[in-house]
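Following: one structure in structure tokens, then a few remarks.
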Amino acid sequence: MIFLEERLYEKEEVLEAYLGTPDKYDWYKHAFDKYEINGVEKFAWNWSWYSFLFGYVYLVYRKCYIEAILLWVAQMIIAGLFGITGIVVMILCGGLLPYLVYKRYKKIALEVENIDGNYIKKLETIKELGGVNIIARNIMIGLFVISIFSILGLMTFLAAVL
């Protein structure tokens, strides 16, 4: 009988270290389990109210910076072409963005698995590379609020002028 060694990303303590938010562990564990069936990766829809409501802020919070920038640019292009970003994009974000967090987690775990060092060192590396960025999230929320008030102010100004 052949026993396969458990991959680093399959270990519960690795996911917990990566997340950096123990209270969210069960939610992410359930979501990540849907993305892989018996070692075969697949996409699955997984709803997140946070990613639905705040899109790129959610990605920044989870340290998915490149993905956040790409989403922001895509939203600006869509807004420019169609006038508003719209509920459709928000719904897509609500179901798709957790998958991007999973992809980042798996990529980092596979990279860390291949570095030299003992398990504790690998776990510390996962924890450092993962987790959340509260400062960046708060900055993004601030910019989000400022942009909303700017848009509302501009709309009020245009309504008064016209």
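Before moving on, here are some points about what is shown:
- Residue within the stretch 19-33 that is in a helix (DSSP H, G or I), touching a Leu at 6+ places or on another chain (Cβ under 8 Å) and crowded, with 17+ Cβ neighbours inside 10 Å present: yes
- Just one of the listed residues (Asn138, Asn114) is among the polar types (S, T, N, Q), within 30 Å of Tyr25 (Cβ to Cβ) and within 18 Å of the chain's Cα centre (by Cα), and it is Asn138.
- With respect to being assigned to a loop (DSSP other than H, G, I, E, B) and either loosely packed, with under 10 Cβ neighbours inside 10 Å or over 12 Å from the mean Cα position of the chain (by Cα) (or both), Phe43 fits the description.
- Matching option when the condition is of a type outside the set (Asp, Glu), at pLDDT 90 or above and not in a helix (DSSP H, G or I), among Val101, Val57, Val132: Val132
- Exactly one residue among Ser150, Ser51 is small (Gly, Ala, Ser), part of a helix (DSSP H, G or I) and touching a residue at least 24 places away in the same chain (Cβ under 8 Å), and that residue is Ser51.
- Scanning the stretch 57-98 for residues that are loosely packed, with under 14 Cβ neighbours inside 10 Å and on the phi > 0 side of the Ramachandran plot returns Gly83, Gly86.
- Flag if Asn38 is surrounded by fewer than 14 Cβ atoms within 10 Å (Cβ to Cβ) and of a type in the set (S, T, N, Q): yes
- Residue match in the stretch 110-125 (condition: in contact with a Phe, Trp or Tyr (Cβ under 7 Å, 6 or more places away or on another chain), in contact (Cβ under 8 Å) with a residue 24 or more places away in the chain and either within 17 Å of Leu53 (Cβ to Cβ) or surrounded by 15 or more Cβ atoms within 10 Å (Cβ to Cβ) (or both)): no
- Unique residue being under 25 Å from Leu143 (Cα atoms), free of Cβ contacts under 8 Å to residues at least 60 places away in the same chain and either of a type in the set (Ser, Thr, Tyr) or in contact with a helix residue (DSSP H, G or I) (Cβ under 8 Å, 6 or more places away or on another chain) (or both) when the list is Val73, Val89, Val60: Val89
The values are calculated or read from the model by the stated rules, or taken from the named source; none is laboratory data. Not measured: the values here are computed from a predicted model. Note that each Cβ is placed from the backbone with ideal geometry, even for glycine, and that neighbours are counted across all protein chains shown.
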